[in-house]
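The values are calculated or read from the model by the stated rules, or taken from the named source; none is laboratory data. Computed from a predicted model, the values in this text were never measured in an experiment. Here the Cβ positions follow ideal geometry from the backbone for every residue, glycine too, while neighbour counts run over all protein chains shown.
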Amino acid sequence: MSNATNTIESVLVENRVFPPSDAARNGARIAGMEAYEALCKEAETDFEGFWSRQAKEKLNWTKPFTRVLDESNVPFYRWFDDGELNASANCLDRHIGTPVENKTAIVFEADDGQVSSITYKDLLVRVSQFANALKSQGIGKGDRVIIYMPMTIEGVVAMQACARIGATHSVVFGGFSAKALNERIIDAGAVAVITANFQLRGGKELPLKSIVDDGIALGGCESIKTVLVYERTLSPWNRVEGRDRTFAEVLEGQNIHCPPTAVGAEHPLFILYTSGSTGKPKGVQHSTGGYMLWARMTMEWTFDIRPEDVFWCTADIGWITGHTYVAYGPLAAGATQVVFEGVPTFPHAGRFWQMIEKHKVSIFYTAPTAIRSLIKAADSDEKVHPKNWDLSSLRILGSVGEPINPEAWMWYHRNVGGERCPIVDTFWQTETGGHVITPLPGATPLVPGSCTLPLPGIMAAIVDETGKDLPNGAGGMLVIKRPWPSMIRNIWGDPERFKKSYFPEEMGGNVYLAGDGAVRSADRGYFRITGRIDDVLNISGHRLGTMEIESALVAKTDLVAEAAVVGRPDDLTGEAICAFVVLKRSRPTGDEAKQIAAQLRDWVAKEIGPIAKPKDIRFGENLPKTRSGKIMRRLLRSIAKGEAITQDVSTLENPAILDQLSQTN
Ligand code: PRX
């Protein structure tokens, strides 16, 4: 039986409860459930007053707002919209003249273990100089800039510098392909790309700049005037004259001061592409004011961040987690954070634990997939078990990106948290900007496998297709009934898709549909996320659309006639990609099938990125279709899981195909 099925069963019978310890509760910003409930009540009774108070307290405004929420053009909600501020000033300048200015902002550990660090004051200088460098290249407010960088201080500096001059960044994860980069450059209409010659991961030097060149060469990128290259390694790279400049060249002689450009609260701070249920990724557009408020507030609420904390979020800046909890939140909160370039298994699978000991990390935030793979490694090699390191600095643990199975939760709790650290299982999405349903470490009794309760002011509910509330215990669709400050503002250039994807007419057009299924427990009303209800997969916490992978497969026009992609549960990665493929030639078997499958995997890696490579590829002469030609995906999902088909197949045009597809190559 698969692990995910196990997970569901064990969550259903999950009755372990872990109330906050006195240590976690004492001194917490939100101490005890009474405090949490009081905040929820305040948000309910005076919704706008609540957010107004938070926004005034937590952000520095160059021009104060007078309007809190504008609902005149639903679902295009506007927050604090006549106010002006700058995101970078709220992360850096605001600490100058306070004790934080000389505090370490970032401790950087490189792939090879070298450590460097930078204070808030010095980070402000670095960001200001780079912001001036961007200006010297003609980049300014409203321009879009693609960032394709490794996990480095420079990656954070690039994001902050864009924010400082009011340019909208769009970070593309360094594992995405030239084609993915090309599509994003075109969709965003970007004027520049900021990249590095190479990135270092797991002892290997992997190219970035040459992929940018390939992406631009695919065509349609005439908007790109400049490519800025951070020379991460000494290895040579190919320079395109007139377009490419190194960091050193553009930083030469730049002033260390750069006044932050004030922007309206609704000015797009960034666009981040994520997968949806069609082939084309969505450019999720976030605001400056509401987003920054959330980044700072959730650092305080969810992580209860304190001045002496060392915070470490292991996410890459290419994902939303790396935006909110690396590039913006920790800095807005004035925290010291660790930024890590490498991978958890290099040079050994005890690297995370070793780094926690070395940097005295007190808040550690990672993904269930990483935990599961490190459990596996520790089970097979005692030497990399967390018990070999001193993890007593830890105070709070976090989990993000996918459901954490109770077994992994318990292991994390015992072996990493020493049974002392609360685990915050944070549910959120690229679209929500930050945590929306999560335990609070000093308040919420924890139940393994549950993200527990919504943050104050988040009106989360579980409803049926018509938007009707369902009782606790009944599974349905997760929605958020009222807007919140850090919510997605638009899909870049596609307002119709924004409305259709997130605010269905059947629910009144003003309720945010998360795209996840969920159920609330009968006793506590705790939320448990049961997984996506659309055609989005979650592989190791990375979001991919089935249609996106199908489009990539059928783009191999010399070989593939048709393809259907589904997810199946996987012990390690949560979900795995399973592709059913019809070739233009006869169905291959044996070694030939293996060979073609390998070829197709490489092809998908080239089209999207290695994370999108299907784990299983099965060949058929056809796909199971209804008489009207619709592919029956639920049957494919059963086949992918290795389940016997018990569903009604009488509407199927070609039932015999099921047997063929059930055979593994
Ligand atoms: O299915 C949910 C899952 O990840 C999806 C969002 O993916 P993305 O936009 O890439 O953002 C990931 C990082 C926030 C959600 O729709 N998900 C995220 N967190 C959890 C989760 N599923 C269960 N439990 C979580 N804590």
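Per the conditions (1) assigned to a loop (DSSP other than H, G, I, E, B); (2) within 16 Å of the ligand (Cβ to nearest atom); (3) not hydrophobic (A, V, I, L, M, F, W, C), the sole criterion not satisfied by residue 525 is (2). Scanning the stretch 528-543 for residues that are part of a strand (DSSP E or B), near the ligand (Cβ under 9 Å from one of its atoms) and in contact (Cβ under 8 Å) with a residue 40 or more places away in the chain turns up 528, 529, 530, 531, 536, 538, 542, 543.
Of all residues in the stretch 384-431, those that are buried (at least 24 other Cβ atoms within 10 Å of the Cβ), near the ligand (Cβ under 9 Å from one of its atoms) and assigned to a loop (DSSP other than H, G, I, E, B) total 4.
Annotation note: Cβ proximity below 8 Å between a residue of the stretch 319-330 that is farther than 14 Å from residue 427 by Cα and touching a residue at least 12 places away in the same chain (Cβ under 8 Å) and a residue that is within 12 Å of the ligand (Cβ to nearest atom) and assigned to a helix (DSSP H, G or I) (sequence gap 6+ or interchain) occurs for 319/430; 329/298.
Among the residues making up the stretch 61-75, those that are buried (at least 16 other Cβ atoms within 10 Å of the Cβ), part of a loop (DSSP other than H, G, I, E, B) and under 28 Å from the mean Cα position of the chain (by Cα) are 61, 68, 75.
Cβ-Cβ contacts under 9 Å between residues 6 or more apart (or on different chains), taken from a first residue in the stretch 400-411 that is free of Cβ contacts under 8 Å to residues at least 60 places away in the same chain to a second residue that is in a helix (DSSP H, G or I) and among the hydroxyl-bearing types (Ser, Thr, Tyr), are listed as 404/7; 404/412; 408/7. Could you please tell me which pairs satisfy a Cβ distance under 9 Å, a separation of 6+ or placement on different chains, a first residue in the stretch 225-239 that is of a type in the set (Asp, Glu), and a second residue that is at pLDDT 95 or above and exposed (fewer than 15 other Cβ atoms within 10 Å of the Cβ)? Matching pairs, first to second residue: 231/248. So, in the stretch 343-365, of the ones that are under 18 Å from residue 110 (Cα atoms) and polar (S, T, N, Q), which residue ends up nearest to the chain's Cα centre (by Cα)? Per the criteria, the residue is 345.
Please verify whether residue 378 is closer than 26 Å to residue 575 by Cβ and out of contact with any Cys (no Cβ under 6 Å at 6 or more places or on another chain), treating the condition exactly as stated.
Judged against the criteria, residue 378 is a match.
Suppose we keep only residues that are buried (at least 19 other Cβ atoms within 10 Å of the Cβ) and among the acidic types (Asp, Glu) within the stretch 102-152. Which one would you say is nearest to residue 170 (Cα to Cα)? Selected residue: 143.
Scanning the stretch 548-565 for residues that are surrounded by 18 or more Cβ atoms within 10 Å (Cβ to Cβ) and away from the ligand (no atom under 16 Å from the Cβ) yields 550, 552, 553, 556, 560, 563, 564, 565.
Looking at residue 434, is it crowded, with 17+ Cβ neighbours inside 10 Å and in a loop (DSSP other than H, G, I, E, B)? Here the answer is yes, as residue 434 does meet what is asked.
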